[in-house]
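Where a number appears in this text, it was derived from the coordinates with a stated rule and is not lab data. Note that this is a predicted model, so its numbers are computed, not measured. Positions of Cβ are backbone-derived with ideal geometry, glycine not excepted, and every protein chain shown enters the neighbour counts.
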Amino acid sequence: MSHEEQNPEISQDALNDYGKRQYKNFDAAKANIDRRLSQRYGYSSSGSNLKKVLSMAAALAMLLAAWWCLRPQLSGSELELSQIIAQQSSPLPTTSQSAYRSAGESQSTVDEAIKAYEQGDYETAVDAFESQSMELLNAKQSLFFGHALFQLKRYQKALLALDNGLQIADPQRDMATDRQIVYWTAKTYAASGRCDLTLRTLAKIAPPGELSQKLASVCESILGQP
Amino acid sequence: MLNLRHVDDKTLMERIRKGDQRATGILVRRYLEQAMAYAGRFAGNNPDHESEDLVSEAFIKTIRAIEIGTSVNQVFPYLRKCIYNQHLDDLRRRRPPTSYFDDLGVIAADSYHYNTTDDHDAVLMELILNEVAGMREDQQIIFELRVFDRRDFEYIAREMRTCVDTVTHIYYNVIRTLKNRAPKLYDSYVTDV
């Protein structure tokens, strides 16, 4: 075949990709067109925002319901969940000495962080905690770090800090701290609109017995697995 | 309640004809992304804004055609035609002077020979656009990027994620076709008028 008779072709996929790349914000343009047409024809718009709001509302409702159910079982813990909820915008009590590392180079930085945290100065506390390697924090300190990040609405980092609190080997860890960490993890998921993960996390602090089974069955029915 | 998400286009069109708003919503969402990708290829400097108008208008025309019972056999080809026709109208408004058609000099020279109208450029443009409209999509896009947007082959090849040789080849194939067709096109135009 001579050079002139050849007839190369560019694939449809490449052309589609090229078309999509021409937009500065493809999703925003898509939402605008959908909104325009839904207003004209009266169908409900795709409603990604509505879904998010609904999932957040569902997560909060489940959180309150779980708190209401768990309240009697948790009344003996060091800090009741009701107290935590009432103190959403204030620091958690730092009465336990385990919040302070007893020795080491990092002592002053952690002390600074805890002091700022006690005074409700979350930004300074977070700065101080962040200047420290997360692996050097104990469970309680991780809880405070996570809680401070939660207050600053830095949910992704808060989840990392709280997870660190659960994973770290801390000889002084107690059940009450673990429970608070799990509770704040659930709250962080709820605040980020992750209904499924909120439920899963809450199921971890439900005491063994009927309540735990009920919560697990709710999770199972919603998520398809416990 | 029937889950319309999984029904075929024909059923959706019947429901739209009966005034089912939910079916309209499903149809829009089914083809919105494809239509936007198609319109994006032709949008100018402000694709988000221009394409929003282009795609919305195309959907309105298509749904109107379905509602009034015009024969719409397949939704997406109809939608695509609406977008392209609208785009051709935009091109007619944007038309560059004939001197911009460097590679089409022969067509211009040939058609000047038959110049019987006041607006020679408009006729030439119309002939070229009609001819290009019948070509493959990649040929249309490359031709428009080169002639209307004055893009070089390297840019087009980069955008299309292909090699410069392919783009050059496709472009000159289009030019050769247009040059071959020019006298006939102009003849048929003069006869029609």
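Below, the figures for the structure above:
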{"item": "Pair B:ASP152, A:LEU54: separation of 7 Å Cα→Cβ label points (nm)", "result": "5.3 nm"}
{"item": "Exercise: per-residue mean of other protein chain Cβ atoms within 10 Å, A:22-34", "result": "6"}
{"item": "Test item: B:160-172 mean partner chain Cβ contacts at 10 Å", "result": "3"}
{"item": "B:GLU159, B:GLU67 arranged by Cβ crowding within 10 Å, fewest neighbours leading", "result": "B:GLU67, B:GLU159"}
{"item": "Shielding by other protein chains, B:24-37, mean Cβ within 10 Å", "result": "5"}
{"item": "Within segment A:149-192: Cβ-based charge dipole about Cα centre, in debye rounded to nearest 20 (Lys, Arg +1; Asp, Glu -1)", "result": "260 debye"}
{"item": "Peptide ranges A:8-20, A:182-194 listed from the most packed, as the mean C-beta count within 10 angstrom indicates", "result": "A:182-194, A:8-20"}
{"item": "Magnitude of the charge dipole, segment A:117-156, Cβ model with Lys/Arg +1 and Asp/Glu -1, debye to 20", "result": "200 debye"}
{"item": "Cβ-Cβ FRET estimate between B:ARG161 and B:ILE60, R0 fixed at 41 Å, reported to 0.05", "result": "0.80"}
{"item": "Ranked list, fewest to most other Cβ atoms within 10 Å of each Cβ, for B:GLU126, B:GLU14", "result": "B:GLU14, B:GLU126"}
{"item": "Separation of the B:LEU4 and A:ASN7 label points, Cα + 7 Å toward Cβ, nm", "result": "4.1 nm"}
{"item": "Additional length obtainable on full extension of the chain from A:ALA176 to A:LYS153, 0.36 nm per residue less Cα span", "result": "5.9 nm"}
{"item": "Using a Förster distance of 41 Å, the FRET efficiency for B:ASP20-A:ALA28 (Cβ separation, nearest 0.05)", "result": "0.90"}
